Amino acid sequence: MRLCRFGDDRLGLVEGDIVRDVTAALDVLPAHRYPLPKADPLIANLERLRPRLLAAAKSAPAVPIRDLAFLSPVANPGKIVAAPVNYKKHIDEARVDPGIHYQKQIATIEQAGLFLKATSSVVGPSEGIAIRHGDRRNDHEVELGVVIGKPADRVSRDEALGHIAAYCIGLDMTVRGPEDRSLRKSVDSYTVLGPWMVTADEIADPANLDLSLTVNGEARQSSNTRELIFDIPKLISWASSFYTLMPGDVLLTGTPEGVGPVVPGDVIEATVEGIGAMKVAVRAA
Ligand code: MN
């Protein structure tokens, strides 16, 4: 299934270049009251909902994709876990470019560990990126996004892929500077997820997906997830050795070489094989 959120918090099933509005199928989701659960209710119930979503799509009107404004496919991620320096050629470019490293030693992923981005930074492609600290470099990073489907607590490499609900395209936007990553990458709108999520059963091999990014049509990043230093099972296993990954948590797997600045007025187009493409406009906050 390809599931999107669009417009006024509608849920859609993507079929080719049309979307079926299947929001009505969500009526079986538990109605939550305070305190709210730590997992995203849609993702936590996704397998149970699947037959209802597919049934609802049969009678739902079709809307062309081009007419829709896409939101983040995950509405309430509990945490955004992100891998720094997880492509070899990106480490190389970071080490030679003072505009990236800011006189800090660029550690390997083993040394740097994973970092967290504020969930308030999450938007969908239709919301765009609002640049803050425009006097500094603000860089794009295209990444494969992994949506966790089942609680993962100290899982092994072999178990890891079974905990994935879906995949999406991710942009890990970054203000360059001397501060901690968790601050510079948590600006409102600096985590773009979309344009929809593709359930794990439709991605045969997440370790062999082309990903690319252009700015105003100019090629900037182009690689394949086979170049990941820590692959997806290792990232999930490692992360879950520290904290439990919950349904709806999103893992950003790292960006390949070619990161570079964007400024208000730019349009980013990001593509991941097997998922699709999303256009994201950049403006001043
Ligand atoms: Mn990144």
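The values are calculated or read from the model by the stated rules, or taken from the named source; none is laboratory data. What you are looking at is a predicted structure, and each value in this text was computed from that prediction instead of being measured. FYI the Cβ positions are ideal-geometry reconstructions off the backbone, even for glycines, and counts take in every protein chain you see.
Among the residues of region 14-49, those that are farther than 19 Å from PRO151 by Cα, within 25 Å of the chain's Cα centre (by Cα) and not acidic (Asp, Glu) comprise VAL14, GLY16, ILE18, VAL19, ARG20, VAL22, THR23, ALA25, LEU26. Take the conditions (1) over 18 Å from ALA166 (Cβ atoms); (2) at pLDDT 95 or above; (3) surrounded by fewer than 15 Cβ atoms within 10 Å (Cβ to Cβ); ARG33 misses just one of them, which is (2). Only one entry in PRO125, PRO151 is surrounded by fewer than 21 Cβ atoms within 10 Å (Cβ to Cβ), closer than 21 Å to THR199 by Cα and away from the ligand (no atom under 16 Å from the Cβ), namely PRO151. Sub-6 Å Cβ pairs linking a first residue in region 74-98 that is closer than 18 Å to PRO261 by Cα to a second residue that is charged (D, E, K, R) and near the ligand (Cβ under 10 Å from one of its atoms), at least 6 apart or interchain, number zero.
From the list ALA75, ALA83, the lone residue that is small (Gly, Ala, Ser) and within 16 Å of the ligand (Cβ to nearest atom) is ALA83.
Of the strands (runs of 3 or more DSSP E) that lie entirely inside region 85-186, those containing 1 or more residues that are under 28 Å from PRO41 (Cβ atoms) span 115-117, 129-131, 142-148, 164-172. The residues in region 58-84 that are assigned to a loop (DSSP other than H, G, I, E, B) and basic (Lys, Arg) can be counted, and the count is 1.
Yes or no, residue by residue, for (1) surrounded by fewer than 19 Cβ atoms within 10 Å (Cβ to Cβ); (2) under 20 Å from PRO256 (Cα atoms); (3) within 14 Å of the ligand (Cβ to nearest atom):
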position	(1), (2), (3)
THR108	yes, yes, no
LEU114	no, yes, yes
SER121	yes, no, yes
VAL146	no, yes, yes
HIS163	no, no, no
THR174	no, yes, yes
PRO178	yes, no, no
